[in-house]
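The values are calculated or read from the model by the stated rules, or taken from the named source; none is laboratory data. Please read all numbers here as calculations on a predicted model, not as lab measurements. All Cβ positions, even for glycine, are placed from backbone atoms using ideal geometry, and neighbour counts span all protein chains on display.
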Amino acid sequence: MIYHDGGIYRGVAEKSLAFFRACLYLIGEIKAITMTSHARLEIVYPFKVIGKMGEIWLSGCTAGYLGEGPEATVQIMQELGYPLDACGVVFRNPEFQMGPPNRWKPKPVPKKAIEDVAIEVLEFIEEFYAENRFMPTGAEINDGCPNITSRAGAHERLHSLKKMGYIEIRHRKPRGIVLL
């Protein structure tokens, strides 16, 4: 069975993301995802999520540049269980295919000489993502790390991790932490 958003959400990533979430339970275990270049005018549904019992075709999710379409594609990939290092392909390539998310193993983050509290924050982020398939907020980091006593402390550690190259922070985005 094919579930598609009608092609009416081309350029409206938010709507395709909502459609994906509404239909995900209908397609069963994920077998693959495919992206076809949205630059081809004949392509109405560039992003396809293929499950054992059906497929979801999305017109608002794209790849190959920085923007809302690729960000929605990455969000879907994260929700499906693909690690962040696999999601980087979205911004570099307008076309790609990937097998099931369980074939991807995230790269271990090497622990350089960083302070213990920053290590605690980094490990909390990794564990939170592994359990929830999305990144924590600053408040959740503050609540989840006993050695941080304020949101400012969590913010300070996040910027410390960013300077050392462990994470990227997307400002003005909820859950805008990206593990590198």
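Points worth noting:
- Output for the stretch 116-139, where each listed residue is under 16 Å from residue 180 (Cα atoms) and in a helix (DSSP H, G or I): 118, 119, 121, 122, 123, 124, 125, 126, 127, 128, 129, 130
- A single entry from 121, 90, 109 fulfils the requirement of being modelled with pLDDT under 80 and of a type in the set (Val, Ile, Thr): 109.
- Of all the residues in the stretch 123-139, those that are under 17 Å from residue 171 (Cβ atoms) and of a type in the set (Gly, Ala, Ser) number 2.
- Pairs, first in contact (Cβ under 8 Å) with a residue 24 or more places away in the chain in the stretch 15-29, second exposed (fewer than 13 other Cβ atoms within 10 Å of the Cβ), C-beta under 6 Å, six or more apart: 27/53; 28/52; 28/53; 29/52
- Within the stretch 32-51, being at pLDDT below 90 and surrounded by fewer than 20 Cβ atoms within 10 Å (Cβ to Cβ) holds for 36, 37, 39, 40, 41, 42, 43, 44.
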